[in-house]
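S.K.: This is the structure, below, for whatever I ask next.
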Amino acid sequence: MHTVLSSRTREVRIGPDQPFCIIGERINPTGRKAFAAALREGDLSEILKDVDDQVAGGAHVLDVNMGVPLTDEADLLARAVTLVQEHSNLPVCIDSSLVEALEAGLAAYEGKALVNSVTCEEDRLDRVLPMVKEHSAAIICLVNDETGIPQTADERLDVCARLVDIVHGRYEIPLEDIVIDPLAMTVGADPQAVVVTLETISRIRDTYGLNMTLGASNTSFGLPGRHALNAAFLVAASYAGLTSAIMDARTVQTVDACRAADLLLGRDEWGTEWIAAHRRTLAATA
């Protein structure tokens with residue numbers, strides 16, 4: 001099953017037989033005080049550097065989030081989406097907790113976007129899904145609901161089943177346009193957190209065959225050596241059935257881990273992409 005995203009001129013396919021899809025997370029003001037301050041002043045120029053850095057790092061899709069308090073987020077997101085489209089041919093993941101901002105971002109986008117995101121809560125689903133269907137977008141669905149984050153793989157699979165029933169059954173959004181977030185939690189707070197996530201991934205793959213994504217860096221939050229932990233997690237998750245991740249495309253260690261998993265798991269035949277990336281690195285160093 002392939003989730004197909006597109007910009008004006010480029011198509012990206014997410015699927016179990018495709019290269020692992022890296023969704024660059026950098027265009028986001030969370031934890032970036034200077035960037036947030038610039039956005040409040042209407043200065044979006046830093047976005048261009050973020051785009052360039054992530055494209056150079058190997059991103060396939062660019063997540064765009066303009067969640068800055070005390071701003072018109074809908075206007076900011078529409079402007080940011082337009083700017084990213086003018087500066088790059090990568091598809092965009094439109095990211096906001098505000099329905100009005102998602103609507104503005106989708107209206108500004110030319111192509112098939114990925115929307116980030118909905119939970120299994122009726123009020124949000126009823127507001128977001130008609131918009132997703134109208135724009136023929138794909139949607140990230142998190143396996144948590146009004147009760148919070150399920151703690152076991154069984155509970156997360158139950159929420160996934162409800163999401164499929166609502167998103168596909170009720171709103172008739174194609175299964176290939178549903179991207180499930182199986183929830184990555186920090187292993188620093190729960191030693192079994194990653195084990196539960198990996199079990200959830202493999203069971204969703206085996207039961208539904210849906211594509212999946214998650215915030216890869218969540219697993220290592222609060223721990224030292226985060227890049228090494230994230231890289232190890234991404235390889236294990238890729239083997240379990242994860243087909244994409246929202247991650248820092250500028251971090252060589254984690255991007256290399258994704259490319260290595262593609263080669264070792266038979267998604268990079270004869271190592272074509274691995275060798276090409278190695279040659280690009282040598283050329284850049286030279």
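The values are calculated or read from the model by the stated rules, or taken from the named source; none is laboratory data. Note that the structure is a prediction, hence the values are computed from the model and not measured. Heads up, the Cβs are rebuilt from the backbone with ideal geometry, glycines too, and the neighbour counts pull from every protein chain shown.
S.K.: Quick one: in segment 236-256, which of the residues that are within 15 Å of D17 (Cα to Cα) and hydrophobic (A, V, I, L, M, F, W, C) is surrounded by the most Cβ atoms within 10 Å (Cβ to Cβ)?
M.R.: Filtering segment 236-256 for residues within 15 Å of D17 (Cα to Cα) gives 237-244.
Pick out the ones that are also hydrophobic (A, V, I, L, M, F, W, C) and you get 237, 240, 242.
Numbers: A237: 26, A240: 19, L242: 31.
Only one residue fits best here, namely L242.
S.K.: In addition: Scan segment 142-151 and give yes if some residue there is buried (at least 16 other Cβ atoms within 10 Å of the Cβ), part of a helix (DSSP H, G or I) and touching a Lys or Arg at 6+ places or on another chain (Cβ under 6 Å), otherwise no. Full working, then the answer.
M.R.: Going through segment 142-151, the residues buried (at least 16 other Cβ atoms within 10 Å of the Cβ) turn out to be 142-145, 150.
From the residues that got through so far, the ones that are part of a helix (DSSP H, G or I) too are none.
No, segment 142-151 has no match at all.
S.K.: Take the residues in segment 258-286 that are crowded, with 17+ Cβ neighbours inside 10 Å and under 19 Å from N211 (Cβ atoms); name whichever of them is nearest to the chain's Cα centre (by Cα).
M.R.: By that ranking, first place goes to C258.
S.K.: Condition first: hydrophobic (A, V, I, L, M, F, W, C) and at pLDDT below 95. Now tell me which residues in segment 45-89 satisfy that.
M.R.: At the first step, the residues of segment 45-89 found to be hydrophobic (A, V, I, L, M, F, W, C) are 47-48, 51, 55-56, 59, 61-62, 64, 66, 68, 70, 74, 76-78, 80-81, 83-84.
Correct list: A56, V68, L70.
S.K.: Please state which one of G31, G42, G111 is touching a Lys or Arg at 6+ places or on another chain (Cβ under 9 Å), at positive phi and modelled with pLDDT under 95.
M.R.: Numbers: G31 fails: touching a Lys or Arg at 6+ places or on another chain (Cβ under 9 Å); G111 fails: modelled with pLDDT under 95.
Result of the check over G31, G42, G111: G42.
S.K.: Oh, and also: Enumerate the pairs (first residue in segment 152-174 and in contact (Cβ under 8 Å) with a residue 40 or more places away in the chain; second residue anywhere and acidic (D, E) and assigned to a helix (DSSP H, G or I)) with beta-carbon separation below 7 Å, excluding pairs fewer than 6 apart on the same chain, so at least 6 apart or on different chains.
M.R.: The qualifying pairs are A153/E199.
S.K.: Does segment 32-51 hold any residues that are out of contact with any helix residue (DSSP H, G or I) (no Cβ under 7 Å at 6 or more places or on another chain) and farther than 20 Å from Q253 by Cβ, and which are they? Lay out the reasoning, then the answer.
M.R.: Going through segment 32-51, the residues out of contact with any helix residue (DSSP H, G or I) (no Cβ under 7 Å at 6 or more places or on another chain) turn out to be 32-34, 36-37, 40-43, 45, 49-50.
Result: R32, K33, A34, A36, A37, R40, E41, G42, D43, S45, K49.
S.K.: Here's a follow-up. Condition first: touching a Lys or Arg at 6+ places or on another chain (Cβ under 8 Å) and of a type in the set (G, A, S). Can you find one or more residues in segment 86-100 that meet it? Write out each step before concluding.
M.R.: Of segment 86-100, the ones touching a Lys or Arg at 6+ places or on another chain (Cβ under 8 Å) are 89-91, 99.
Next cut, of a type in the set (G, A, S) only: none.
Within segment 86-100 (the criterion being touching a Lys or Arg at 6+ places or on another chain (Cβ under 8 Å) and of a type in the set (G, A, S)), the answer is no, since none of the residues qualifies.
S.K.: Out of the residues in segment 167-203 that are under 16 Å from V118 (Cβ atoms) and hydrophobic (A, V, I, L, M, F, W, C), which is surrounded by the most Cβ atoms within 10 Å (Cβ to Cβ)?
M.R.: Restricting to residues being under 16 Å from V118 (Cβ atoms) and hydrophobic (A, V, I, L, M, F, W, C), the top hit is I180.
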